[in-house]
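A short write-up of the structure that comes next.
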Amino acid sequence: MAACGSSGGPGGGSGSGSTDSAAAQSLGPAKPATGDELKIGFITDGSGTTLDNSTEVAAAQAATSYLNDYQGGVAGHRLALTVCDTKQTPAGATDCANQMTAAKVPVVLMNNSGNVTPVFKVLSAAKVPLVLDINGDESTLGAKSGAYILVSPLTAALAGPAQVAKDAGVKKAAIFVLDVPGATGPVNSLDKIFYAKANIGLTIQPIPPGTADATPQVQTVLGGNPEQVNLVGDPTFCTGVLKALKTLGYSGSIVLQSQCVSPGAAAGIPGGYDGMKVVSGQTTNVADPEYKLYLAAMKKYQPGTDPTAKSLTAGGWVVTLGFSRAMAGLTAPVTSAGIEKTLAAMPKTKLPLGGTATFQCDGKQVSITPAVCSTGGLVQTLDSKGKPTSEQPLDVSSVLP
């Protein structure tokens, strides 16, 4: 059975003591929540044998405490999270969703999960909205109501690299994609649209999972002289393709998904990740006020969790803080219908950790998928170990249909 529990309460009680002056400045002046408690759901894939997403819960809890202590809660209400762990199974996800409806929470938050479909099936039937940080699940991307995706998965995985190519004046590009339905499906159906809109010739090369040596496929594609290549897959897949690209002397632009980058794999790639680009929805710029706020809150409320060790960690912060910002116009009583009405009417709002990006959940940001609330992102340039050395804002509007 999926595990469910509550967290929240007065945020100040969960702190680890004093923070340094810089962190205190980032947090701002105290403004405690004084209203009634608002319990909302948070569903996570938790920690399993192959994946550990548990740190996203710590980040969501840090955001909850920060909101209660420094932002007056959510529309004046003291926020509390009811957390449920799917155990990384569809059955566990269904169980979590059923627990949320039984608890009568008015909204459920999720970061990025492999088990969104069963959650959304239950919640949509119960008319409980689902707010996600980022997700490419077909059930939510195709939804006309009930799902709200703050950070566009189209930007990071699909339209973003097409926009990078267009901005660089590229005329021919290629995509190496792990040959599994969850990856090849969106690439074949959507990337062809985005690159065509950018007037860029595109070659798509699927490579089966477990391919020991991708050199033959890579060599075939390089025969077409692409000026930019994009990799879509897991770290093992990406590392194999990068080794082949480097061995064959490819000197064009390489754009990766953030999931491709694994610091432990850098040593096995000639030259590492030096000069490669990643399209991301989250800033890691230490001078950015939003990033400073995130680090300060994690230090104060979750000192045992490294906020930078995993890219998924910050998603818990983004979806919780983003939900709160979207609720600025929320009025009592708090209901699922009232939350959806507030989301639909919200103005453009700063996206947490999004650099200059904003979000607006009015169903009009991306015509082909009304659930997506933003089109902005960031292009980061990496050093040899895969750490960003610089970043620039990116908006993909010009390659969207």
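One decimal place: the segment residue 180-residue 234 gains 18.3 nm when fully extended, by the rule 0.36 nm per residue minus the C-alpha distance.
How high is the relative contact order of the range 152-304, in percent, counting Cα pairs under 8 Å that sit 6 or more residues apart?
Values: 210 pairs, mean separation 35.6, N = 153.
Normalised by residue count, the contact order of the range 152-304 is 23 percent.
If contacts are Cα pairs under 8 angstrom and at least 6 residues apart, what is the relative contact order of the chain in percent? Kindly include the intermediate steps, with their values, before the conclusion.
Details: 904 pairs, mean separation 80.9, N = 401.
Normalised by residue count, the contact order of the chain is 20 percent.
Taking the three principal axes of the alpha carbon atoms in the range 172-236, the coordinate ranges are 34, 27, 15 Å, sorted in descending order. Couplings 3J(HN,Hα) of the range 189-206, computed from phi: 7, 10, 4, 4, 5, 5, 5, 5, 4, 8, 6, 10, x, 10, 10, 10, 10, x Hz, in residue order, whole Hz [Karplus 6.51 cos²θ - 1.76 cosθ + 1.60, θ = phi - 60°; x for Gly and Pro]. Counting every pair of alpha carbons in the range 248-401, the share spaced more than 23 Å apart comes to 48 percent.
If each residue of separation counts as 0.36 nm, what is the full-extension length gain between residue 220 and residue 192 once their alpha-carbon separation is subtracted? It would help to have the intermediate numbers written out before the result.
Numbers: separation 28, 0.36 × 28 = 10.08 nm, distance 1.95 nm.
Result for the pair: 8.1 nm of gain on full extension.
Which longest run of the chain has no exposed loop site in it, a site being trypsin sites (Lys or Arg not before Pro) in a DSSP loop with at most 16 other beta carbons within 10 Å, and the site itself not part of the run? Formally, the longest exposed-site-free interval is 172-309.
Helical runs (DSSP H, four residues minimum) scored at -39500 (n - 2.57) apiece and divided by the length of the chain put the mean residue ellipticity at 222 nm at -9500 deg cm²/dmol.
When the range 249-372 is described by a simple charge dipole with +1 on each Lys and Arg Cβ and -1 on each Asp and Glu Cβ, the residue from 355, 335, 256 located farthest towards its positive end is 335. The simple spin-label model puts a point 7 Å past each Cα toward its Cβ; for residue 392 and residue 335 those points are separated by 4.9 nm.
Can you compute the equivalent ellipsoid semi-axes for the range 353-395, i.e. the square root of 5 times each eigenvalue of the Cα gyration tensor, sorted largest first and rounded to whole Å? Intermediate results must be reported in sequence, preceding the final value.
Working: eigenvalues 151, 19, 10 Å².
Square roots of five times the eigenvalues give 28, 10, 7 Å.
Over the range 247-337, the reciprocal of the mean inverse Cα-Cα separation, the Kirkwood hydrodynamic radius, stands at 16.5 Å.
Positive contributions from Lys and Arg (+1) and negative ones from Asp and Glu (-1), summed over other residues with Cβ under 15 Å from the Cβ of residue 89, come out at -1. Bridge orientation summary for the chain: considering DSSP beta bridges with both residues in this region, about 35 percent are antiparallel.
Full extension of the chain between residue 356 and residue 213 yields a length gain of 47.5 nm, computed as 0.36 nm times the residue separation minus the alpha carbon distance. I want the local charge near residue 118. Using Cβ-Cβ distances under 11 Å, sum +1 for each Lys or Arg and -1 for each Asp or Glu among the other residues. Residues close to residue 118 contribute a combined charge of -1.
In this simple spin-label approximation, residue 31 and residue 167 carry label points 7 Å from Cα along the Cα→Cβ vector, and these lie 3.2 nm apart. In whole angstrom, the chain maps to an equivalent ellipsoid with semi-axes of 36, 23, 20, each derived as √(5λ) from the alpha carbon gyration tensor and ordered largest first. Taking 7 Å steps out from each Cα toward its Cβ at residue 89 and residue 199 produces label points 5.4 nm apart. A cut-off under 12 angstrom between Cβ atoms defines the neighbours of residue 321, and their net charge, with Lys, Arg +1 and Asp, Glu -1, is 0. For the options 174, 80, 212, a Gaussian network treatment of the chain with springs between C-alpha atoms closer than 10 Å singles out 212 as fluctuating the most. Positive end of the dipole of the chain (Cβ unit charges, origin at the Cα centre): among 375, 239, 151, the Cα lying farthest that way belongs to 375.
Taken together, the values in this text are just the output of simple stated rules run on the coordinates, not laboratory data. Computed from a prediction, not measured in an experiment: that's the story for all the values here. Here the Cβ is made from the backbone with ideal geometry for all residues, glycine too, and neighbour counts use every protein chain on show.
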